[in-house]
Amino acid sequence: MKRLALTLASLTLCAGAFAQQVTIHSPWVRGTVPEQKATGLFMNIEAAQDVRLIGGASPVAGVVEIHEMSMDQGVMKMRQLENGLPIAKGQPVELKPGGYHVMLMELKQPLKGGDTVPVTLTFEDAASKKQFTQQIQAPVTELGQQHGSGHDHHDGHGHEGHAGHKH
């Protein structure tokens with residue numbers, strides 16, 4: 001029994017050590033309109049070690065994926081990053097409208113300004129390939145309002161584009 005307690009304590013310390021690898025700044029979720037089934041989660045991520053953001057989960061969404069917006073022959077396209085988003089040690093990555101972001105899909109309810117969305121992000125340590133999670137609470141920004149960090153919601157990464165997004 002003592003050995004089991006020590007093993008559990010070691011696992012807890014190990015999980016805690018992984019959580020210290022990643023720092024999340026200014027997370028926010030774009031508000032939705034009724035019947036909208038997807039929205040974006042944005043934030044800044046810093047890592048103390050090379051990691052990869054590979055997925056997540058939230059009680060408000062059936063599916064959580066890592067996506068990228070990019071220009072392809074003059075057309076803005078969104079695609080899932082099948083292998084996740086690499087975050088290099090000491091090189092912050094900004095997830096923002098029109099770029100990298102986390103998609104919350106199959107929404108279970110509309111999200112309105114003033115709400116807070118709990119999200120568990122899943123990362124993989126680049127060296128050990130061990131996965132770890134980090135929980136965040138992301139405030140929802142009202143439709144048509146700018147986020148406090150100066151993000152503009154009218155940037156071509158519109159709500160309509162996500163509403164019909166399917167894989």
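Nothing in this text is a laboratory measurement; each read-out follows from the coordinates by a stated rule. Everything quoted here is computed from the prediction, not taken from an experiment. Glycine also receives a Cβ, built like all others from the backbone with ideal geometry; neighbour counts cover every protein chain displayed.
Odds and ends about this structure:
- Shape of region 40-97, Cα gyration tensor, a/c cut at 1.5: oblate
- Per-peptide average of other Cβ atoms within 10 Å, ordering 108-120, 42-54 highest first: 42-54, 108-120
- On a per residue basis, the convex hull of the C-alpha atoms belonging to region 58-143 measures out at 131 Å³.
- Of the residues VAL75, VAL102, VAL22, the one with the fewest other Cβ atoms within 10 Å heads the list, and the complete ranking is VAL75, VAL22, VAL102.
- Residue exposure proxy: LYS37, LYS130, ordered by other Cβ atoms within 10 angstrom of their Cβ from fewest to most, comes out as LYS130, LYS37.
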